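Each remark here refers to the structure printed beneath this line.
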Amino acid sequence: MDNKDIHILAIESSCDETAAAVVKNGRFVMSNIISSQIDIHTLYGGVVPEIASRKHIERINQVIEQALSEAGMALNEMDAIAVTYGPGLVGALLVGVAEAKAISFATGIQLIGVHHIEGHICANYIEHTDLEPPFVSLVVSGGHTHLVRVADYGEYEILGRTRDDAAGEAFDKVARAIGLGYPGGPKIDKTAKNGNPEAIDFPRPKVIDEEYDFSFSGLKSAVLNYLNTERMAGREIMVEDVAASFQKAVTDVLVEHSMEALKSFGFKKFAIAGGVASNTALRAAMKEACEINNIELYYPSPVYCTDNAAMIGVAGYYEFIRGVRSDLTLNAVPNLKLGERA
């Protein structure tokens, strides 16, 4: 590989953000355009897959054009096109994959399919130039809760995963139950700041046979049962206390599992990623735990925590220099597992 700069055009459409970015040499973001659909899906209390897919179709060309324009580059200057092909909503993924394949076919630019969770992990490389594998990463988002050993660029071992609800999914469901609406994560984070995290003793669930796995379904049920009990008894529900106590329970579990894994494997570098990684209580708790255990903590800025194309461009760059390429048979894989290629 010579010293020529490598420019990746990246496309992300796995859920309800239509995003495109231009990334240079895997670490420098030249543009990162995100067209959000939050206002639309808020009306329905969550993401409606058919609406998300339709909006991706309407917006994807404009988002790509804007990303190239902001980067001050032309399409023919791109070395590769990186696109999320899984996991995610199948209809939403198909829009991005079809777009990337069409551009690749028309221009001859090489195509690289990228795993969405790998993108979240790689978001940490954007602002932390000193971060290199190996390290441990916790990925927490609406659809995923993974504890991952990052052995090298593109090489991952899943240490633990959720058995049921992901952390972000639990946030959304609890937020809906206490009347905060969608999106649940940011609203619980904000509301919890005015509550007492010790007010209600919600459970800290453990998975007996797999010490690093997560389970948030029981915690979610405990919150719903508490709400029903209080309402039936005619007692006033302190929404702020419920939010703070629930958030504390989730945070305690995430921190405990992460620290146990880091100690067991002897790692001193730890990165958090995904939408829930922007939660202020989680960041504070992780920072405190890492300081106590002499572990270096990394996390992206909030814009790189939620779904974005810059993180896909970073992951695509490292796949590119490893020689990974996709052909025009690339398809959306909604349940794609980390470390697998389809």
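The values are calculated or read from the model by the stated rules, or taken from the named source; none is laboratory data. Treat the numbers as computed from the prediction; the structure is a model and nothing was measured. Don't worry about glycine lacking a Cβ; one is built from the backbone with ideal geometry, like all the others, and counts go over all protein chains shown.
Within the stretch 26-59, the residues that satisfy the criterion of being farther than 29 Å from A175 by Cβ and within 20 Å of the chain's Cα centre (by Cα) are G26, R27, F28, V29, S31.
Within the stretch 263-277, take every residue that is touching a Phe, Trp or Tyr at 6+ places or on another chain (Cβ under 8 Å) and not aliphatic (A, V, I, L, M) and give me the one that is farthest from N194 (Cα to Cα).
First pass over the stretch 263-277, keeping only residues touching a Phe, Trp or Tyr at 6+ places or on another chain (Cβ under 8 Å): 267, 269-273, 276-277.
This time we only want the ones that are not aliphatic (A, V, I, L, M), so: 267, 269-270.
Working: F267: 35, K269: 32, F270: 29 Å.
Looking at the filtered set, the residue picked out is F267.
Answer with yes or no whether D172 is assigned by TED's automatic domain parsing to the domain that holds I272, outside any loop (DSSP other than H, G, I, E, B) and farther than 30 Å from K268 by Cβ. Considered against the rule, which asks whether it is assigned by TED's automatic domain parsing to the domain that holds I272, outside any loop (DSSP other than H, G, I, E, B) and farther than 30 Å from K268 by Cβ, D172 comes out as yes.
Scanning the stretch 17-45 for residues that are in contact with an Asp or Glu (Cβ under 8 Å, 6 or more places away or on another chain) and of a type in the set (D, E, K, R), we see that the one that is farthest from I109 (Cα to Cα) is E17. Residue-level check: of (1) among the polar types (S, T, N, Q); (2) in contact with a strand residue (DSSP E or B) (Cβ under 7 Å, 6 or more places away or on another chain); (3) modelled with pLDDT of 95 or more; (4) surrounded by 19 or more Cβ atoms within 10 Å (Cβ to Cβ), T191 misses just (2). For the stretch 150-163, a residue qualifies if it is surrounded by 17 or more Cβ atoms within 10 Å (Cβ to Cβ) and more than 24 Å from F28 (Cα to Cα), and the qualifying residues are L159, G160, R161, T162. Filtered by the rule that a residue be modelled with pLDDT under 90, surrounded by fewer than 21 Cβ atoms within 10 Å (Cβ to Cβ) and at negative phi, the stretch 166-188 gives a lone residue, Y182.
Among E319, E288, which is at pLDDT 95 or above, more than 30 Å from A102 (Cα to Cα) and either touching a Phe, Trp or Tyr at 6+ places or on another chain (Cβ under 7 Å) or not aliphatic (A, V, I, L, M) (or both)? Explain how you work it out, then say what you get.
Numbers: E319 fails: more than 30 Å from A102 (Cα to Cα).
Answer to the check: E288.
Looking only at the stretch 1-25, which residues are touching a residue at least 12 places away in the same chain (Cβ under 8 Å) and either more than 18 Å from the chain's Cα centre (by Cα) or farther than 24 Å from A71 by Cα (or both)?
Passing the criteria: M1, D5, I6, H7, I8, L9, C15, V22, V23, K24, N25.
Counting only helices (runs of 4 or more DSSP H) wholly contained in the stretch 86-152, the ones carrying 3 or more residues that are modelled with pLDDT of 95 or more and farther than 21 Å from R325 by Cα occupy 90-107, 124-127. Residue-level analysis places I208 among those that are free of Cβ contacts under 8 Å to residues at least 40 places away in the same chain and in a loop (DSSP other than H, G, I, E, B). Among the residues of the stretch 15-26, those identified as touching a His at 6+ places or on another chain (Cβ under 9 Å) and surrounded by fewer than 22 Cβ atoms within 10 Å (Cβ to Cβ) are K24, N25.
Could you say whether any residue in the stretch 2-14 is in contact with a strand residue (DSSP E or B) (Cβ under 8 Å, 6 or more places away or on another chain), at pLDDT 90 or above, of a type outside the set (V, I, T) and surrounded by fewer than 16 Cβ atoms within 10 Å (Cβ to Cβ)? Don't jump to the end; show me each part of the working.
As a first pass, look at the stretch 2-14 and keep what is in contact with a strand residue (DSSP E or B) (Cβ under 8 Å, 6 or more places away or on another chain): 5-14.
If we keep only those that are at pLDDT 90 or above too, we end up with 5-14.
Retained after the next criterion (residues that are of a type outside the set (V, I, T)): 5, 7, 9-10, 12-14.
From what is left, the residues that are surrounded by fewer than 16 Cβ atoms within 10 Å (Cβ to Cβ) are 5.
The answer is yes, given that some residue of the stretch 2-14 is in contact with a strand residue (DSSP E or B) (Cβ under 8 Å, 6 or more places away or on another chain), at pLDDT 90 or above, of a type outside the set (V, I, T) and surrounded by fewer than 16 Cβ atoms within 10 Å (Cβ to Cβ).
Residues in the stretch 88-132 that are touching a Pro at 6+ places or on another chain (Cβ under 8 Å) and surrounded by fewer than 20 Cβ atoms within 10 Å (Cβ to Cβ) were compared, and the one that is nearest to L147 (Cα to Cα) is E127. Taking every residue in the stretch 28-53 that is outside any strand (DSSP E or B) and pairing it with any residue that is of a type in the set (F, W, Y), at least 6 positions away or on another chain, the pairs with Cβ-Cβ distances below 7 Å are H41/Y182; T42/Y182; G45/Y182; G46/Y182.
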